[in-house]
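Trainee: Before I ask anything, here is the structure I am working with.
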Protein chains: 2
Amino acid sequence: MDLEQLKIDVDYMVQALKEAQTAADEDEIPIGCIIVAEEGGKKRGKSSVSKNIIARAHNLTEMLKDPTAHAEMQAITAATAHIGGKYLGQCTLYVTVEPCPMCAAALNWVQVKRVVYGCKDPKRGSSMFSPSLYHPKTEVVGGVLEKECAAMISDFFKKKRVK
Amino acid sequence: MDLEQLKIDVDYMVQALKEAQTAADEDEIPIGCIIVAEEGGKKRGKSSVSKNIIARAHNLTEMLKDPTAHAEMQAITAATAHIGGKYLGQCTLYVTVEPCPMCAAALNWVQVKRVVYGCKDPKRGSSMFSPSLYHPKTEVVGGVLEKECAAMISDFFKKKRVK
């Protein structure tokens, strides 16, 4: 087990959960997402790689009345705009819930390096489709802060029912 | 064969081809799309249904440097904004090339009534995936002005190679 990578993934998933919480506060289904880029540079003459969050987004389907306004779609558009290019081959996308087929296929187009998600979506998750919707080069990791990401969704709907 | 429906579909596909031509003129891969809504109303006291083009779009992946900026995605967002709602259950989307998985899944989210496309996309077409990416209620019709839609793409790449 790569504990260093796990710590990195957990830290960034907490950031994605913060975005999900913002969505919940706005009465949107609470799914949050961030994109982290590995950016090369030089520090005191030595080359180094730093990781930077280049996009943060949450679900906006209610506000925009557009069911395609998923956190991932907005984060992808923000990240490509930030990079000024069409590909996210040096980026990891963190999202609290497994991407749907639309988002997985969008992540294929941008050839994202890694996708890290929290809980599975048993109804609309992209993993139910074959062949894989992701790019062959993309590494997909599920189950990071799974319980917490699932609780974010179930707590939201519990509160909805009480209202 | 429903010749009346065929005539309607061909007429609207010509409109989608016009959008594709605009894309070609802008040096974008020439794929065009329109969305037609069936809108109810009253004329001289009688209820009637009229068909109106509520969105026109073409591929903008180069201009926006965003490989998710497909004609269909933009048309969907424009159409939901026009309607002020999240569903396109009374709409037909016409597109010159078979939708990719991202666009098919987006059309699932908006529960579009019909999808009419021109030529198949043997590399990235959504029909290669199972189970179907479309909504169970969506009717999908392919091959309308197939040769013309395919020629729009092949002519574009022929010119590119000559340059």
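Trainee: To the nearest 10 degrees, how steeply does helix B:146-162 sit against the main Cα axis of chain B, on a 0 to 90 scale?
Mentor: 30 degrees
Trainee: Could you rank A:82, B:70 by how accessible they are, 1.4 Å probe, largest area first? Show your work: numbers first, answer last.
Mentor: Numbers: A:82 105, B:70 25 Å².
If we order A:82, B:70 from most to least accessible, we get A:82, B:70.
Trainee: Run the 1.4 Å probe and let me know the accessible area of residue A:64, rounded to the nearest 10 Å².
Mentor: Solvent-accessible area, nearest 10 Å²: 90 Å².
Trainee: Next question. Mind checking which lysines have their C-alpha under 27 Å from residue A:113, skipping anything on the same chain fewer than 8 residues away?
Mentor: A:7, A:18, A:42, A:43, A:46, A:51, A:86, A:123, A:137, A:147, B:65, B:123
Trainee: Obtain the nm distance between the two label points defined at residue B:151 and residue A:82 by a simple spin-label model: each point lies 7 Å from its Cα along the Cα-to-C-beta direction.
Mentor: 4.6 nm
Trainee: Then there is this: Charges at C-beta only: +1 for Lys and Arg, -1 for Asp and Glu. How large is the resulting dipole of the protein assembly as shown about its Cα centre, in Debye rounded to 20? Please report the intermediate quantities before stating the final value.
Mentor: On the way: 44 positive and 40 negative charges, 23 e Å.
That gives the protein assembly as shown a dipole magnitude of about 120 debye.
Trainee: Would you be so kind as to list the residues of the range A:120-138 that have their accessible area lowered by at least 50 Å² in the full protein complex compared with their chain by itself (1.4 Å probe)?
Mentor: Buried by 50 Å² or more upon assembly, which counts only protein chains, are A:124, A:129.
Trainee: In terms of the Cα gyration tensor, with a ≥ b ≥ c the square roots of its eigenvalues, is chain B rounded because a/c is under 1.5, prolate because a/b exceeds b/c, or oblate? All intermediate terms of the calculation are to be shown ahead of the outcome.
Mentor: Values: a/c = 1.63, a/b = 1.53, b/c = 1.07.
It is prolate, given that a/c is not under 1.5 and a/b is the larger ratio.
Trainee: Can you tell which of A:141, A:75, A:85 lies farthest toward the positive end of the dipole of the range A:1-147, using +1 and -1 charges on the Cβ of basic and acidic side chains (Lys, Arg; Asp, Glu)?
Mentor: So the residue furthest toward the plus end is A:85.
Trainee: When the helices in chain A are scored as -39500 (n - 2.57) per DSSP H run of 4 or longer and the sum is shared across all residues, what 222 nm value do you end up with, to the nearest 500 deg cm²/dmol? Show your work: numbers first, answer last.
Mentor: Numbers: 4 runs with 62 residues, N = 163.
Roughly -12500 deg cm²/dmol at 222 nm, from the helical runs in chain A.
Trainee: Would you mind telling me the antiparallel percentage of the DSSP bridges in the range A:4-163, rounded to 5? Walk me through the intermediate numbers first.
Mentor: Working: 17 of 25 bridges.
For the range A:4-163, the DSSP antiparallel bridge percentage is about 70.
Trainee: Further question on the same structure: Return the single residue from A:147, A:43, A:86 with maximal mean-square fluctuation; model: Gaussian network over chain A, springs between Cα atoms under 10 Å.
Mentor: Checking each option, the largest mean-square fluctuation is seen for A:43.
Trainee: Taking chain A as a Gaussian network, Cα atoms linked when under 10 Å apart, which of A:98, A:139, A:72 shows the biggest mean-square fluctuation?
Mentor: A:139
Trainee: Tally the DSSP beta bridges in the protein assembly as shown and give the antiparallel ones as a percent, rounded to 5.
Mentor: Working: 35 of 51 bridges.
If I count the DSSP bridges inside the protein assembly as shown, around 70 percent turn out antiparallel.
Trainee: Still on this structure, please answer the following. Among A:44, A:161, B:56, what's the order by accessible area (1.4 angstrom probe), most exposed first?
Mentor: Numbers: A:44 240, A:161 175, B:56 120 Å².
Greatest to least solvent exposure: A:44, A:161, B:56.
Trainee: Oh, and also: Per-residue accessible area for residue B:87 at 1.4 Å probe radius, Å² rounded to 10?
Mentor: 120 Å²
Trainee: Please say if the protein assembly as shown is rounded, prolate or oblate, where rounded means a/c under 1.5 for a ≥ b ≥ c the square roots of the C-alpha gyration tensor eigenvalues, and otherwise the choice is prolate for a/b larger than b/c and oblate otherwise? Walk me through the intermediate numbers first.
Mentor: Details: a/c = 2.20, a/b = 1.41, b/c = 1.56.
Taking the square roots of the gyration eigenvalues as a ≥ b ≥ c, the protein assembly as shown is oblate.
Trainee: So, one more: Any idea what the residue B:142 label distances to the other copies are, label 7 Å down the Cα→Cβ vector, nm, shortest first?
Mentor: 2.8
The values are calculated or read from the model by the stated rules, or taken from the named source; none is laboratory data. Model, not experiment: these values are computed from the prediction. Cβ coordinates were reconstructed from backbone atoms using ideal geometry, including for glycine residues, and neighbour counts include every protein chain displayed. All accessible areas refer to the heavy atoms of the entire protein, side chains included, with ligands and DNA or RNA removed. Shrake-Rupley method; radii C 1.70, N 1.55, O 1.52, S 1.80 Å.
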